[in-house]
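Here's the structure, in structure tokens; my notes come after.
Values quoted throughout were computed directly from the atomic coordinates according to the rules given, and no laboratory measurement underlies them. This one's a predicted model, so the numbers in the text were calculated from it and none came from an experiment. Neighbour counts run over all protein chains shown; Cβ positions are idealised from the backbone, glycine included.
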Amino acid sequence: MDPEYFANKLRDFQKAVDYGDQALEMAKQKNDKSKQVHLLNILGETCLRLEEMEKALDYFENGLDLAQRTKGGHPLETESTKKLSELAVKSGDMSKALVYLENGLLSARKNKNKQGEGR
């Protein structure tokens, strides 16, 4: 089952985390790196909704790390830095949010990712 369905449609965030973790394990078994990053970002966002900031940070950082190590992962890297900036804003750390956004913009420009640049 899709964790986004539980988070966005049913608003059952805990069930979304449970299914997301299961889906993440399946993506790891298939060695599907882009799916793993996508799921890590969904899990982080869901933890944000549950006010579990440390867990959200862990998911987002793992997603960013994996995206940076994945060939062709730059759109995923931009998405992960955006999610980290959202977490920083929600935590009240505007300077850290700005650093994440700047890093995401630099990555998007370096990789010619127009969508990541906000164009």
Measure up K35/K110; K55/K90; K28/K96 against 18 Å on the Cα-Cα distance and list the ones that go over.
K35/K110; K28/K96
Filtered hits (aspartates and glutamates, Cα-Cα < 16 Å from K33, offset >= 8 within chain) -> D21, E25, E61, D65, E77, E79
What is the sum of charges, Lys and Arg at +1 and Asp and Glu at -1, for the other residues whose Cβ falls under 12 Å from the Cβ of K96?
-2
Note, the stretch 95-106: 3J(HN,Hα) by Karplus (6.51, -1.76, 1.60, θ = phi - 60°), whole Hz, Gly/Pro = x, goes 5, 5, 4, 5, 4, 4, 5, 5, 5, x, 5, 4
Based on alpha-carbon positions alone, could you give the equivalent ellipsoid semi-axes of the stretch 3-110 from the gyration tensor, as √(5λ), descending, whole Å?
22, 19, 9
Ordering 13-19, 26-32 by per-residue average of other C-beta atoms within 10 angstrom, highest first, gives 13-19, 26-32
